[in-house]
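Structure, as structure tokens:
What follows is calculated from the coordinates using simple rules that are stated; it is not laboratory data. Fair warning: this is a prediction, and the values are worked out from it, not measured in the lab. Methodologically, a virtual Cβ is constructed for each residue, glycine included, from the backbone with ideal geometry; neighbour enumeration extends over all protein chains shown.
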Amino acid sequence: MPQKPTALISVFYKDRLDELAEALVKKGYDLLSTGGTRKYLEDLGHTVIAVEDLTGYPSILGGRVKTLHPKVFGGILGRRDLESDRSQMEEYALPSIDVVVVDLYPFEETLQAGGSHSEIIEKIDIGGISLIRAAAKNYQDTWIIPSRDFYGEAIELLDNSKLSEEVRKQFAGAAFQISSAYDNLIQNYLTGEHKMLSLGEGQVLRYGENPHQKGVFHGKLEDVFTQLHGKALSYNNLLDADAAVSLMAEFKSDITVAVMKHNNACGIASRPSVLQAWTDALAGDPVSAFGGVIIANAEVDEATAKAMHEIFFEIVVAPSYSNEALSILKQKKNRIILILNDFAAPKMQYRSLLNGVLAQERDHHTDALEDLKYSTKLKPSAAEIEDLLFASKICKHTKSNTIILAKNKKLLAGGTGQTSRVDALTQSIVKAKAFNFDLQGAVMASDAFFPFPDCVEIAHKEGINTVIQPGGSIKDQLSIDYCDANNMSMVFTGIRHFKH
């Protein structure tokens, strides 16, 4: 049984664990460990005492019980300055466990990734949370290192021999903060309450929405993006990048490029090549594209990079870039170049207001062919249906009230954030005409129903003859009657896509 100072290590994540284990061994600690962590450490060449050899019990119940044993918790909780505790530790051959390195099962990550109920329940950590609390309680004698986020500081403390009771107390406080946030997440899930996820310390941004405001991002950007070049993402960069990623998630089968400005698409097109998609997306509004965010769902090649390089933009996001494209795009020192990783978007969205937080499920519904209800005598053609669904995807990700005009899988114009649906349509028509787009044969999409037939009347007069909208107004029939009388087609989806 261990007699020297002992470090119990049992972790889910192995990031930098090799460095921490090496630092502990150099300071004379024996290593005590379980299962996968033990194998990882032994593969590094360390001698490791198995917890089951200490307790006399193997890992049981599918791994649910590994460390829950008096020899483990007695070794952590025993008070070294109390004669009765020392006597009992000797009587029952309890080791002196002086360091506990542990983290918690990824409950939050599993929840955000949309795991099944049974998968989420299995990510409720019992042993880990108990080890954290026990070691933190006995911080006078035991040092708790409660997550990989503390490894760097722990290694520095070991290297410099600066571990003190006050330091252990600080780590204990952080440990209870972690355990408290973890328990709150589980409570919220099991009770059906939706409270804000644990935030952690966060990444301080240059400033918030404006220079006089402070800003912090709470999350793991490295899970979403791999940054290849440029300055750090700002508050507004992150808002636009989020809008871009959410919009592009709708386009999986066609090569598509979008240009985002103030969280809305000012240009988007689906084309056979990424260069064509970029060219037609930019044509949607080359003025607004200045200083915007570009996102593509296909590799950016040399020709596309050359075309993009001709304008000023803040960020480009794509799944990959050719070497030649990167050489071109990196010519601007501050240009942010991001690879979009394959990540699971959280199921919930949060917004702070008044003295609390609003929470809701994300709008996961994408209008598809099977959703369409043909409300008029004339049905749209196959090509028109493609454009209607294309426009509907954009509409879903544009600030309400909104109207989207599209043609040949290209955004012509959008009316965004208007208090009147007629104003949104008028804005989109004026904008389309400003860039000399022909509205004959274009389609119109609305994020919510038409309370009156005025929008279909205005659209028809501009040469727009097919419409997609949710329906649901008590006066739907007025819009249907106008379409039937004027040889227009209109489809209902039954799904509203407000975005405020």
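Sorting Asp481, Asp30, Asp476 on the 10 Å Cβ count, fewest up front, what's the list?
Asp481, Asp476, Asp30
Report, to the nearest 10°, how far helix 274-283 tilts away from the longest principal axis of the Cα atoms in the chain, using its own Cα long axis and a range of 0 to 90°.
It is inclined by approximately 60 degrees.
Add -39500 (n - 2.57) for each DSSP H run of 4 or more in the chain, then divide by its residues: what number comes out at 222 nm, to the nearest 500 deg cm²/dmol?
Rounded to the nearest 500, it is -11000 deg cm²/dmol.
Report relative contact order for the range 366-492 in percent, whole number only (criteria: Cα-Cα under 8 Å, sequence separation at least 6).
Computed value for the range 366-492: 28 percent relative contact order.
Let me check against my output: what whole-number percent is the relative contact order of the chain, with C-alpha pairs under 8 Å and at least 6 apart?
9 percent
Rounded, prolate or oblate: pick one for the range 380-459, where a ≥ b ≥ c are the square roots of the eigenvalues of its C-alpha gyration tensor, a/c under 1.5 means rounded, and failing that, prolate if a/b is larger than b/c, else oblate.
Verdict is rounded for the range 380-459.
Pairs to check: Lys377/Lys461; Lys333/Lys499; Lys347/Lys399; Lys4/Lys123; Lys261/Lys379. Give those whose C-alpha atoms are more than 24 Å from each other in this structure.
The answer is Lys333/Lys499; Lys4/Lys123; Lys261/Lys379.
Scan the range 232-306 for trypsin sites (Lys or Arg not before Pro) in coil per DSSP, keeping those whose Cβ has at most 16 other Cβ atoms within 10 Å, and list them by number.
Lys252
Summing Lys, Arg as +1 and Asp, Glu as -1, what charge do residues with Cβ under 9 Å from the Cβ of His262 carry, His262 excluded?
Here the count lands on +1.
Which of the GluC sites (Glu not before Pro) across the range 254-323 are loop residues per DSSP, with 12 or fewer other Cβ within 10 Å?
When the GluC sites (Glu not before Pro) of the range 254-323 are filtered for loop state and at most 12 Cβ neighbours within 10 Å, Glu310 remain.
Using only Cα atoms, tell me the angle between helix 235-248 and the longest principal axis of the chain; keep it within 0 to 90° and round to the nearest 10.
70 degrees
Can you say what percent of the DSSP beta bridges in the range 216-340, counting only those with both residues inside, are antiparallel? Round to 5.
60 percent
Quick one: angle between helix 382-396 and the longest Cα principal axis of the chain, in degrees between 0 and 90, rounded to 10, please.
Long axis of 382-396 versus the principal axis of the chain: about 50 degrees.
Spin-label point model (7 Å from Cα, Cβ direction): what's the Gln177 to Gln140 distance in nm?
So the two model labels end up 2.5 nm from each other.
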